[in-house]
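This report refers to the structure that appears directly beneath it.
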Amino acid sequence: MDAILLQILNGLDKGGAYALIALGLTLTFGTLGVVNFAHGALFMLGAFCVVGVQQLLTLAERVRDPSITFFEAYIEQPYLVSWFGDTGAMIIDWVIPISLLLAIPIMLLVGIVMERGLIRFFYKRPHAEQILVTFGLAIVLAEIIKGWFGANPIPVQPPEIVRGSADIAAWFGLDANLSYPWWRLIYLAASLLIIASVFAFLNLTTYGMVVRAGMADRETVQLLGINIQRRFTIVFGLAAVVAGLAGALYTGIQPPNYNIGMEFLVLSFVVVVVGGMGSLPGAVAAGFLLGMLQSFASLNEVKSLLPGIDQVIIYLVAVVVLLTRPRGLMGRKGVMEA
Amino acid sequence: MTKLIRPSRRRFLHGTALAGAALATPTFFTRGAWAQDFCNNPTGSTVTLGFNVPQTGPYAEEGKDELRAFELAVQHLNGEGDGGMMATFKPSNLTGNGVLGKKVEFVTGDTQTKSDAARASARRMIEKDKVIMVSGGSSSGVAVAVQSLCQEMGVVFMAGLTHSNDTTGKDKRRYGFRHFFNAYQSGVALGSVLAEAYGKDRRAYHLTADYTWGWTQEESIKNATEAQGWETAQAVRTPLGAGDFSQYLTPVLNSGADVLILNHYGGDMVNSLTQAVQFGMRDKQVNGKQFEIVVPLYSELMAEGAGENVKGIFGTSNWSWQLDNDGSKAFAKSFGQAYGRPPSQAAHTCYVQTLLYANAVETAGTFAPPEVIKALEGFEFDGMGNGPTLYRAEDHQCFKDVLVVKGNDNPTSQFDLLSVYKVVGRDEVTYDPSIFGGELGPYDGGTCAG
């Protein structure tokens, strides 16, 4: 029983990441009709916001290391620690939360620049050309990051107090062996919060209502005298923020490298396809569904029956869904079918 | 949508002829090379070595350190710098004036920690840069692949960091040599230490990198710990470079196992260990015992990446810069002065391999591979940091002491992450070469084209 609960938690936690990325991807597709292969790169840029802030905060002076005598060894001591002592160390410890605040405006700007500077020229072009240009952009962005930060993963730690794991069984007074890392729980909570905010924005605000109207029928909305294009630009920025935050939060789980966006890109497309092109609830539901499936497929009992299933399950499900429900689980009629 | 371009028959034939000529070009060169008796015989005043290391991928940190060591070795061979282990290496024919009077130069390649990329890179160095020897690498998958390429092409391969039993076992080659220790030796060294420290009644859970090194290490550690009375609860394979290991870690928590053995290395190791610690595995009690994590193959670079998480964790190592002998001190000093950090075991083995190759050439008096190979086979030496060492002729494996190391609880510097817990003697880790099978193959027959 404990094992099942743990695997459910793990599935939710993985699913949270998948759902966040797929949500942003669907948002751009649903509003602008653009298949954005650079979406993984936005995730990666979000992660590197944290790395950048960390490098700024840990700018260091070299101090002679007295414990090594046979050559001149230096310790890097961050200026923040030299100047502010423990307060400085605490600021460095909280690098991920601090970066999250910075990542929002940065990613919004990146998204808007990307849309205005490149994507908007491809609205009326075939999907194949959109895919080529955004995929090219993803490669360029990844190489820029590689050139600047190097090819190796860069370790980033969540704040000290949430580095361990939470004894979940004790919360509910259960006599079970159930604990889960704090940061992964935070990731899950944050992804649920972000997803809820996006839905609230689209469903509960007038701005969101107009955007939804535009998604349903762009021409009519324009005939009503609304500049729907500007709103869509903002939505593209919003999608970039969602992807960026997903990436920034993920640094506490896995040290980011320049290629992390590509690793998630393929997965997020599978999620979108399974969920149904253009369906926001579908993307979220499919994200959690696939996360859960992947987690359970990694159980040893399952793997002993079907060796290697943990690595193909997601694609297997995608094949089955496409065969039985070609529009995905919650796909709308007429999307990508013209 | 797009129009197919239909070439005329004449243009097609023309193009095919050109392509054929282009494809055949390397063979023209190798014909020429073959006339020089052996592949890439250096005729000028310089000789070029090829250092093929992972500059990207999960083992990129080790690759970076290997390159530092290679540069240092080349400087020392050419008589620059303080000479490092040149002074302590015995018996040595090295002069500090290049190799056979030729100045040593080198080229580098990126293995990307992928077998096909590593082979392509090695081939480029042999065909284009005319290297006389290839060295480096930080993955056994890569070592086995490049080693067999080198055998085909007739170029000596001095393996870098490779720990799989297969490298000098079932996949051994006449042209391949390994100074690094192997998984079998780790198992023998670690088994008794683990039983002493954690008791004989333990259940182990393995997470294993899914390629040749992981498999042989899992097998070796399993055999060694089971011989001490341990049980193996599960052994689970994980893809190389998985990133998020959480779905493999959660089943450990309720498996009834009380020891987690991580057969991972480099970046994978950093991720899986950090995540295991995040899952609270080091604060757990299972079966009334403290839950323990073991990392059978340790690296200092890995320890830096994993930070705090390595404290108190057992593993093995080929060498440590903290060893108290002349060779180790000389090398650590020389490396520290050049790069401001102590060398890793990956750096050490690459440095030693370069010197050993150069010495074998001096001993043989020629760069001809069959003679160099004979000079290395059965070579007994000392002063390279590991005590008396034998390059066994039967399988081209070095035999020397193996270190059991432990993550330091109170490090005195950022480099003081591991301490040597026990030195297991060379006799204890020596085994019969026939247990792993394999054939070395012929001394001659390399075609420089492979």
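The values are calculated or read from the model by the stated rules, or taken from the named source; none is laboratory data. Since the model is a prediction, treat every value here as computed from it, not as a measurement. All Cβ positions, glycine included, derive from the backbone under ideal geometry; neighbour counts span all protein chains shown. Areas reflect the complete protein model, heavy atoms only, side chains present, ligands, DNA and RNA absent. Shrake-Rupley method; radii C 1.70, N 1.55, O 1.52, S 1.80 Å.
Checked against (1) out of contact with any His (no Cβ under 9 Å at 6 or more places or on another chain); (2) touching a residue at least 60 places away in the same chain (Cβ under 8 Å), B:T46 passes all but a single condition, namely (2).
Keeping to the range A:136-185, report how many residues are farther than 25 Å from A:Q54 by Cβ and part of a loop (DSSP other than H, G, I, E, B). Adding up the residues that qualify gives 7. Residues in the range A:1-30 that are crowded, with 24+ Cβ neighbours inside 10 Å and of a type in the set (S, T, N, Q): A:N10, A:T26, A:T28. Being at pLDDT 90 or above, out of contact with any Asp or Glu (no Cβ under 8 Å at 6 or more places or on another chain) and not polar (S, T, N, Q), is that true of even one residue in the range A:323-335? Yes, the range A:323-335 contains a residue that is at pLDDT 90 or above, out of contact with any Asp or Glu (no Cβ under 8 Å at 6 or more places or on another chain) and not polar (S, T, N, Q). One residue alone among B:V131, B:V188 is in a helix (DSSP H, G or I) and of a type in the set (A, V, I, L, M, F, W, C), and that residue is B:V188. Output the residues belonging to the range A:76-92 that are free of Cβ contacts under 8 Å to residues at least 24 places away in the same chain and open to solvent by less than 60 Å² (accessible area, probe 1.4 Å). Within the range A:76-92, A:P78, A:L80, A:V81, A:S82, A:G85, A:G88, A:A89 qualify.
Here are A:V302, A:V319: which of them is more than 13 Å from chain B (Cβ to nearest Cβ), part of a helix (DSSP H, G or I), open to solvent by 10 Å² or more (accessible area, probe 1.4 Å) and of a type outside the set (G, A, S)? Answer to the check: A:V319. The listed residues are B:S328, B:S317, and the only one of them that is farther than 27 Å from A:D167 by Cβ, open to solvent by less than 20 Å² (accessible area, probe 1.4 Å) and within 14 Å of another protein chain (Cβ to nearest Cβ) turns out to be B:S328. Among the residues in the range A:226-242, are any touching a residue at least 60 places away in the same chain (Cβ under 8 Å), in contact with a Cys (Cβ under 7 Å, 6 or more places away or on another chain) and either surrounded by 24 or more Cβ atoms within 10 Å (Cβ to Cβ) or within 14 Å of another protein chain (Cβ to nearest Cβ) (or both)? No, the range A:226-242 contains no residue that is touching a residue at least 60 places away in the same chain (Cβ under 8 Å), in contact with a Cys (Cβ under 7 Å, 6 or more places away or on another chain) and either surrounded by 24 or more Cβ atoms within 10 Å (Cβ to Cβ) or within 14 Å of another protein chain (Cβ to nearest Cβ) (or both).
Is it fair to say B:K333 is open to solvent by 40 Å² or more (accessible area, probe 1.4 Å), within 14 Å of chain A (Cβ to nearest Cβ) and within 30 Å of B:V294 (Cα to Cα)?
No: the conditions fail for B:K333.
Restricting attention to the range A:148-197, the residues that are out of contact with any helix residue (DSSP H, G or I) (no Cβ under 9 Å at 6 or more places or on another chain) and at pLDDT below 85 add up to 5.
Scanning the range B:116-138 for residues that are open to solvent by 10 Å² or more (accessible area, probe 1.4 Å) and in contact with a Pro (Cβ under 8 Å, 6 or more places away or on another chain) yields B:E127, B:K130. Of note, B:D110 satisfies the criterion of being within 23 Å of B:A209 (Cβ to Cβ) and open to solvent by less than 50 Å² (accessible area, probe 1.4 Å). Residues that are within 16 Å of A:L9 (Cα to Cα) and open to solvent by less than 20 Å² (accessible area, probe 1.4 Å) are absent from the range A:142-149.
Each row is one residue, and each column tells you yes or no for (1) more than 8 Å from every other protein chain (Cβ to nearest Cβ); (2) closer than 27 Å to B:T56 by Cβ.
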| site | (1), (2) |
| --- | --- |
| A:A128 | yes, no |
| A:V133 | yes, yes |
| A:L137 | yes, yes |
| A:A142 | yes, yes |
| A:V156 | yes, yes |
| A:R163 | no, no |
| A:R184 | no, no |
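Screening A:F70 with (1) within 30 Å of A:A176 (Cα to Cα); (2) facing chain B (nearest Cβ under 9 Å) gives one miss only, at (1).
Checked against (1) within 29 Å of A:M1 (Cα to Cα); (2) away from every other protein chain (no Cβ under 14 Å), B:Y248 passes all but a single condition, namely (2). Among the residues of the range B:77-90, write down those that are over 24 Å from the mean Cα position of the chain (by Cα) and assigned to a loop (DSSP other than H, G, I, E, B). Passing the criteria: B:N78, B:G79, B:E80, B:G81, B:D82. All of (1) surrounded by fewer than 24 Cβ atoms within 10 Å (Cβ to Cβ); (2) more than 24 Å from A:I4 (Cβ to Cβ) hold for B:A204 with one exception: (2).
Among residues of the range A:298-327 that are under 19 Å from B:L249 (Cα atoms), those with a Cβ under 6 angstrom from a residue that is not in a helix (DSSP H, G or I), sequence gap 6+ or separate chain, pair up as A:N300/B:Q234; A:D310/A:S298. Is at least one residue of the range A:102-115 free of Cβ contacts under 8 Å to residues at least 40 places away in the same chain, more than 14 Å from chain B (Cβ to nearest Cβ) and surrounded by fewer than 16 Cβ atoms within 10 Å (Cβ to Cβ)? Taking every residue of the range A:102-115 in turn, at least one turns out to be free of Cβ contacts under 8 Å to residues at least 40 places away in the same chain, more than 14 Å from chain B (Cβ to nearest Cβ) and surrounded by fewer than 16 Cβ atoms within 10 Å (Cβ to Cβ). For the range B:337-349, the criterion of being over 22 Å from B:E394 (Cα atoms), charged (D, E, K, R) and surrounded by fewer than 24 Cβ atoms within 10 Å (Cβ to Cβ) is satisfied by at least one residue. Listed by first and then second residue, the pairs linking a residue in the range B:360-387 that is open to solvent by 10 Å² or more (accessible area, probe 1.4 Å) to a residue that is among the polar types (S, T, N, Q), with Cβ atoms under 6 Å apart and 6 or more places separating them unless they lie on different chains, are B:E362/B:N93; B:T363/B:N93; B:A375/B:T363; B:G383/B:T88.
Candidates B:E61, B:E71: the one that is open to solvent by 40 Å² or more (accessible area, probe 1.4 Å), in a helix (DSSP H, G or I), acidic (D, E) and modelled with pLDDT of 90 or more is B:E71.
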